[in-house]
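Heads up: the structure comes next, in structure tokens.
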Amino acid sequence: MIADMTGFELANLGEGFYQDPYTIYRKVRDTAPLCQQSDGSYFISRYGDVAAILKDHQSYSSDKKVDFKPKFGDGPLYEHHTTSLVFNDPPYHTRVRRLLAPFFTPRTLRALEANVAAMIDELLDQAEAAGTIDLVNDFANAIPLNLIGDMLGIPKDEREPLRNWANVILGGLEPSLTPAQLATGNAAVDAFKDYLRDLIAWKRTRLNEREETDILSALLADHDSPDGLTELELMHNCIFLLNAGHDTTTTLISNGMDLLLRFPDQMALLRAEPDRMKGAVEEMLRYESPLQIGNRRAMTEVTLHGQRLPAGTFLHIGIAAANHDERQFPAPEAFDIARKPNRHLAFGNGIHICAGNSLARMEASLAFSKLLVRFHKIEQAGPTLRPDRARFRVVSHLPVSLAA
Ligand code: HEM
């Protein structure tokens, strides 16, 4: 099949794309809002289309049992991703989402806030002593990893390998994978499962003592109820929670800092008017959306931009492309912390809307509030580095110097 005239191919993105995907997305939105890929799938880039497709779970499926087979084969990555709630439709999705909901209520979040604040203070003490830090590895990474570690009840001294497992398992979702990446991803799922199996066995011995209040223990205790999760479902959804909440939030904080450094007038405005923090975090989410591309499969024949697509058509959902659509956001390339309205789609839309969105917003707000109060001067001390990843907008290094 012939690629679309824009030449935009997810399976073959050029070097320049990773530095600045937004210029390319603008061209795609303008010239091919329904952009056919050489494998017959389509890339969707306009805000109106993306918002509507994400909202319509009856016409567009999230189930990936068919799609992931050629990519992952029968291995552990396949088992993991196809058991996670995000890649399933109702009724399985509804069952898992309902079981997770109590862990994300405003009340639960309020209870976690003091922990997060203390964790950030501790990291900033270390940062102040060091003077120059890598904002990604010395700060942003540690916050969500430890918070979700606490929520899942993973002992503090056992958390180090989780970071790498999360990275390579999520890396498996990139549009194209080398055999080495596939092997590393499969090994990470196996290692994570082995670890959780031991942890679950240990937690089972303590369930009756009612000492444990974490998600893993609570879901284990629910195990015998008719809707309870099997051990495999429990393991994969816990792995997913860690992966979903870790990289994305690290990415939000790292990109947010990068944006404040690139747009110093906005950093100055935020310092002068700290009440703008909520708007600033929303604009960070819009401008550099951590999850840039999702996907859905049409369940019935659908018509988009006058073109009929048969049931079964695979769609790449351009969340980041939609969040830069001038049809919805005037001057989308301006980073404007006062932007209103700012109905970005960084957390998705509809039944799969991010379960951890309030948690991520809380972590980022606290992180930036505390950084700006503690340090009157924050300067870039080296280039912002990004790996070549299209699905997630990852920052790998961001050296900053800090003066109190
Ligand atoms: C800035 C940080 C985050 C971003 C940008 C983000 C983004 C997203 C997006 C776009 C989806 C929807 C995917 C789809 O519709 O296909 C999603 C789903 C999800 N996210 Fe997040 N997420 C973030 C943080 C978190 C955190 C901290 C957690 C939990 C600890 C979390 C847990 C989940 C879960 C459980 C789902 C699946 C919901 C479902 O399928 O019903 N996320 N996230």
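Can you tell me the relative contact order of the chain? Whole percent, Cα pairs under 8 Å, sequence separation 6 or more. Each step should come with its number before you reach the end.
Numbers: 594 pairs, mean separation 100.7, N = 404.
With pairs under 8 Å counted, the relative contact order is 25 percent.
Treating only the Cβ of Lys, Arg, Asp and Glu as charged (+1, +1, -1, -1), what charge dipole size does the stretch 46-91 show about its Cα centre? Round to the nearest 20 debye. Don't jump to the answer; show the numbers that get you there.
Working: 6 positive and 7 negative charges, 24 e Å.
Here the stretch 46-91 has a charge dipole of around 120 debye.
Taken along the Cα-to-beta-carbon direction at a fixed 7 Å, the label points for Lys156 and Ala201 span 2.7 nm.
For the stretch 309-385, a simple Cβ point-charge model (Lys and Arg +1, Asp and Glu -1, everything else neutral) yields a dipole of about 300 debye relative to the Cα centre.
Structure note, pairs Lys65/Lys193; Lys27/Lys55; Lys278/Lys370; Lys64/Lys156; Lys156/Lys203: Cα-Cα distances above 22 angstrom occur for Lys27/Lys55; Lys64/Lys156.
The alpha-carbon of Lys69 sits under 12 angstrom from the alpha-carbons of these aspartates and glutamates, leaving out residues fewer than 8 places away in its chain: Glu79. Rounded to the nearest 20, the size of the Cβ-charge dipole of the chain about its Cα centre is 940 debye, with Lys and Arg at +1 and Asp and Glu at -1.
Here the Karplus curve 6.51 cos²θ - 1.76 cosθ + 1.60, taken at θ = phi - 60°, turns the phi angles of the stretch 14-26 into couplings of x, 3, x, 4, 5, 6, 9, x, 6, 5, 5, 4, 4 Hz, with x standing for Gly and Pro. Think of a 1.4 Å ball rolled over the protein heavy atoms: the chain then has 42 Å² of accessible area per residue.
Carbon-plus-sulfur fraction of the accessible area of the stretch 10-403, 1.4 Å probe, in percent? Before the final figure, lay out each step's value.
Numbers: 8860 of 16380 Å².
With neighbouring chains kept in place, the figure for the stretch 10-403 is 54 percent.
Across Thr213, Thr250, the residue with the most accessible area heads the list, and the full order at a 1.4 Å probe is Thr213, Thr250.
The values are calculated or read from the model by the stated rules, or taken from the named source; none is laboratory data. The structure displayed is predicted, hence computed values, not measured ones. Please note: Cβ atoms are built from the backbone with ideal geometry, for glycine as well, and neighbour counts cover all protein chains shown. These area figures cover heavy atoms from the full protein model, side chains too; ligands, DNA and RNA do not enter into them. Shrake-Rupley method; radii C 1.70, N 1.55, O 1.52, S 1.80 Å.
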